[in-house]
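The values are calculated or read from the model by the stated rules, or taken from the named source; none is laboratory data. Please read these numbers as outputs of a predicted model, since none were measured by experiment. Note that we place each Cβ from the backbone using ideal geometry, even for glycine, and neighbour counts take in every protein chain shown.
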Amino acid sequence: MLNLNSNIQYIKGVGEKRAELFHKLGIYDVDSLLHFYPRKYEDWTSTKSVKDAENGESVAIRATMISPVKEAMIRRGMTLYKCKFTDGENIINVTIFNNKYLAKALRVYEDYVLFGKLEKNFTTASMSSPKIEKLDTGVSIHPIYPQTGKLTSNGIAKVMKTALEAIDEIPETLDYDIRAKYGLISLDSAIRKIHFPENADDSEAARKRLIFEELLTLQLGLLKLKGSGKKEKTNVNIRDDFSAEFASRLPYTLTNAQQKAIAECVSDMKKDVPMSRLLQGDVGSGKTAVAASLIYTAVKNGYQAALMAPTEILATQHFESFSKMFEGTGIKIELLTGSTKAAEKKRIKLALMDGETDLVIGTHAIIQNDVEFADLALVITDEQHRFGVKQRASLAAKGQGLHTLVMSATPIPRTLGLIIYGDLDISILDELPPGRQEIRTDVVDSTFNGRIYKFIKDAVARGEQCYIICPLVEDSEEIEELKSAEQLAEELSNGAFSGYNLGLLHGKMKAKDKDNVMKAFADGDVSILVATTVVEVGVDVPNATIMLVENAERFGLSQLHQLRGRIGRGDKKSYCILISDTESETSKNRLMIMKKYSDGFKIADEDLKARGPGDFFGERQHGLPRLRIADMLEDIDVLRQAQDCAREILAEDFNLDLPKNKPLCDQINNMFRELTY
Ligand code: ADP
Ligand code: MG
């Protein structure tokens, strides 16, 4: 007798050797085997006769074998088997390549189902290497599993069947009330039906149950991780909305999207539970003005606010633009970063504690550590597009009772947003301020290098600046990345651009050195910045008009979009040049999406479609567990239900202490155990 914990090798027909093949698929015990789901199904239930089938059609045919197998060696290691079948009217000539096991098992006058492509002409019908099964087991829906090497889909299916026959009823993980409310079948029948459905309704019901459970587990885990799902009341009391007053001070009119986002945030801030909102907006959509408006309202209500940026230089830029925007308002602003002198730091901290300072702008680390506030009401975090789940958790813990807004330029598709930021409300800036210059994007191969370098030199001669992005190397090869960036910078400064002011920026540099290089570029002391993708976090250099990306096919489209957002920020015409020598049509088409679209959301959707969520998550490092059955794009309705359900469960039993929630609790631990941040 088997149970869920039984080792895979004890399933009849597996053994030690084949167990190793299963291990490669991450399958060690019966439980993990049962959760290895089919990729798709082949429907062998509607069989056809030769007469009714089209030439070239993939069909299932019921047929009797009428001649014994003849064997012919074509060449060493390649044997051909031939035999004849009939469907009662027509003869089908079947050839089987190399599959001795199958050929020896076939018996004359027995009934089979043949599944494969039927070739027909006037006189004969034939099938080459069809799948063949005995009639009694063959006429069914066949699961197709992802296979590796020697382990075929069919082999997996056989083992699956044996295991399912050998185990007792699979213990239920979801409470009866939940199953009733969301219309879910039991886990036992879901598992049995996902592998061997009798019809389409079966597999549909099984999928729904398993997807729901997977997304519910994910949501519960995320909500618990963030310590939210249960909101504390806030003591902050924002009574009046000053956003109109703020808008009237701006030299431009806010876009409709900006106005809507501001209204949504202010309405949140007036409530007695803290705001937790995500402001998503493409590069250049004007997130800063939204932030400024909210800060203005908070301060005018007598409170303090904090604005956090991921780098010193960004914090400094924000400090400068806020100082300008708030000129003449009496709002007192301080800049607090790692390089603020000790005495100055002390003064700033005191002023914050006394409530003398209204707004502090700085890097995360500083604000998260030991700064105390007199009346902090609002914390805004900028450019969090590399935000991991864990970082979010620590911010949430810090922000007990505070209004928080996270601003992100990552145009993640909505479904993913719902998963990743499941506990946040979302405002979207889907409109750019008027009068923006379109960036011209071109995809070329490296034979254009000479011309491109000349183009860059002309731009530099006009006093403009340029980014050159180094080829991307795998994450695991950090040293390679460093080498490639340094190498490219050296090659260029000794070659095409000797005599030019080149700067080098890569991820392995100390924060301080990075900031210095970035500052030199922002100040115009460096004309050409050779960099890795670290520059994608948004510093404003309006004078930079060219973005050149080497080996562009190695980048994700969203990443290219992010990089492209570094240019076109001033009034000069800007150019994005993607260099790629790829031969692959798919890669070329992907890059053409960049030429075609300028909308980050559109690009993100296309990117996700082209590469699948696995890659999307991998590269983005959102730190989410891998999903086995749910599809990030397709299953949005189930996702919504799972989110509702997760909130209900946590509202009743936040620690999942109740016995009925124990199985879910175990599953969460399982799913999140493999998480690396
Ligand atoms: P991001 O969303 O990338 O942070 P910013 O807030 O830096 O974008 O805004 C980009 C530029 O657009 C800034 O120079 C800002 O002054 C300008 N801007 C913002 N909103 C408007 C608007 N409604 N009309 C015109 N210009 C705007
Ligand atoms: Mg910004």
Sole miss for Gly499 among (1) at pLDDT below 90; (2) at positive phi is condition (1)
Is it true that some residue in region 451-469 is modelled with pLDDT of 70 or more, within 16 Å of ligand 2 (Cβ to nearest atom), touching an Asp or Glu at 6+ places or on another chain (Cβ under 7 Å) and part of a strand (DSSP E or B)?
no
Scanning region 502-520 residue by residue, those touching a helix residue (DSSP H, G or I) at 6+ places or on another chain (Cβ under 9 Å) and either at pLDDT 95 or above or within 13 Å of Gln465 (Cα to Cα) (or both) turn out to be Leu502, Gly503, Met518
Within region 431-446, the residues that are crowded, with 16+ Cβ neighbours inside 10 Å and within 12 Å of ligand 1 (Cβ to nearest atom) are Leu432, Pro433
How many residues of region 493-510 are under 18 Å from Ser339 (Cβ atoms) and crowded, with 16+ Cβ neighbours inside 10 Å? The answer is 2
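Let's see how each residue does on (1) under 27 Å from the mean Cα position of the chain (by Cα); (2) modelled with pLDDT of 95 or more:
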{"site": "Ala180", "(1), (2)": "no, yes"}
{"site": "Ala205", "(1), (2)": "yes, yes"}
{"site": "Arg209", "(1), (2)": "yes, yes"}
{"site": "Ser228", "(1), (2)": "yes, no"}
{"site": "Asn256", "(1), (2)": "no, yes"}
{"site": "Met269", "(1), (2)": "no, yes"}
{"site": "Asp272", "(1), (2)": "no, no"}
Of the residues in region 248-275 that are in contact (Cβ under 8 Å) with a residue 40 or more places away in the chain and within 12 Å of ligand 1 (Cβ to nearest atom), the one that is farthest from Gln317 (Cα to Cα) is Asn256
Ser339 meets each of (1) at pLDDT 70 or above; (2) farther than 19 Å from Leu314 by Cβ; (3) in contact with a helix residue (DSSP H, G or I) (Cβ under 7 Å, 6 or more places away or on another chain); (4) surrounded by fewer than 17 Cβ atoms within 10 Å (Cβ to Cβ) with one exception, condition (2)
Condition set away from ligand 1 (no atom under 13 Å from the Cβ) and small (Gly, Ala, Ser), scope region 304-322, selection modelled with the highest pLDDT: answer is Ala305
Okay, strands (runs of 3 or more DSSP E) sitting entirely in region 6-87 with 1 or more residues that are among the polar types (S, T, N, Q) and within 38 Å of the chain's Cα centre (by Cα), I get 58-65
Among Glu264, Glu232, the single one that is in contact with a Ser or Thr (Cβ under 6 Å, 6 or more places away or on another chain) and closer than 30 Å to Phe654 by Cα is Glu264
Those residues of region 276-303 that are near ligand 1 (Cβ under 8 Å from one of its atoms), outside any helix (DSSP H, G or I) and of a type outside the set (Asp, Glu) come to a total of 5
How many residues of region 317-340 are without any contact (Cβ under 8 Å) to a residue 40 or more places away in the chain and hydroxyl-bearing (Ser, Thr, Tyr)? The answer is 4
Flagged in region 270-328 as more than 13 Å from ligand 2 (Cβ to nearest atom), crowded, with 24+ Cβ neighbours inside 10 Å and among the polar types (S, T, N, Q), in numbering order, are Ser293, Thr297
Looking across region 89-119 at residues that are in a strand (DSSP E or B) and not hydrophobic (A, V, I, L, M, F, W, C), the single one that is surrounded by the most Cβ atoms within 10 Å (Cβ to Cβ) is Tyr112
Sole miss for Glu232 among (1) of a type outside the set (Val, Ile, Thr); (2) buried (at least 19 other Cβ atoms within 10 Å of the Cβ); (3) more than 16 Å from ligand 2 (Cβ to nearest atom) is condition (2)
Subset of region 246-261, residues closer than 30 Å to Leu223 by Cα and within 16 Å of ligand 2 (Cβ to nearest atom), comes to Ala257, Gln258, Ala261
Of those in region 537-560 that are within 16 Å of ligand 1 (Cβ to nearest atom) and touching a strand residue (DSSP E or B) at 6+ places or on another chain (Cβ under 8 Å), the residue nearest to Asp605 (Cα to Cα) is Met547
Residues that are more than 16 Å from ligand 2 (Cβ to nearest atom), closer than 19 Å to Val290 by Cβ, at pLDDT below 90 and part of a loop (DSSP other than H, G, I, E, B): does region 388-409 have at least one? yes
Examine region 147-168 for a residue that is more than 37 Å from the chain's Cα centre (by Cα), under 30 Å from Ala642 (Cα atoms) and assigned to a loop (DSSP other than H, G, I, E, B), and state whether such a residue exists. yes
Just a yes or no: is a residue in region 183-195 surrounded by 14 or more Cβ atoms within 10 Å (Cβ to Cβ), modelled with pLDDT under 95 and not in a loop (DSSP other than H, G, I, E, B)?
no
Taking region 52-80 and keeping residues over 22 Å from Glu133 (Cβ atoms) and surrounded by 13 or more Cβ atoms within 10 Å (Cβ to Cβ) leaves none
Contact list, first residue from region 295-310 and closer than 11 Å to Ile331 by Cβ, second anywhere and charged (D, E, K, R) and in a helix (DSSP H, G or I), beta-carbon distance below 9 Å, six or more apart or interchain, is Tyr296/Glu245; Tyr296/Arg249; Lys300/Glu245
For region 24-41, the count of residues that are under 30 Å from Gly116 (Cα atoms) and at pLDDT 90 or above equals 8
